[in-house]
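The values are calculated or read from the model by the stated rules, or taken from the named source; none is laboratory data. Remember, predicted model here, so these are calculated numbers, not experimental data. Heads up, the Cβs are rebuilt from the backbone with ideal geometry, glycines too, and the neighbour counts pull from every protein chain shown.
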């Protein structure tokens, strides 16, 4: 069954199918939340909240857009609601620069890779929320521009332009930090 068919059944009351959707998407959702929250426990909590809200608001699923687009729209709302309820700025990083600087002493190749990842994470955190979100969806989650368009309400050409500019800005910030 496709994701859309499973969600349509969940919407119509067959809640058992939510387990299959959970298995298909829990890791992708966790990764998405972790990249936004930078905290494993918070990412796990937010991931659970997303699936809870999917069940709670299952009647709002119309099937006019892809399931994935609907799910990630809920995820965005969960993340921003969490930030508002805790008084945090959505762009605020929960991991201090001190924690990011602590790189385990492994072989030099792995250490270099970890340092590059930490620098990239810091650079991502310095992007405006919209740019960070578009990069996460398009480059890290591999979402097609059409799905991002459904989620954000922006045109595909506008998204392409914004993603291009976001990559350019990220590159500038990254090399300033490196």
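Is there a residue in segment 25-41 that is assigned to a loop (DSSP other than H, G, I, E, B), touching a residue at least 24 places away in the same chain (Cβ under 8 Å) and more than 21 Å from residue 153 (Cα to Cα)? Yes: one or more hits. Selection of segment 41-82 for residues being farther than 24 Å from residue 14 by Cβ and surrounded by fewer than 17 Cβ atoms within 10 Å (Cβ to Cβ) yields 41, 44, 45, 77, 80, 81.
Could you pull out every one of the helices (runs of 4 or more DSSP H) wholly within segment 83-178 that has 1 or more residues that are farther than 25 Å from residue 25 by Cβ, modelled with pLDDT of 90 or more and under 20 Å from the mean Cα position of the chain (by Cα)? Filter on segment 83-178 gives 156-177.
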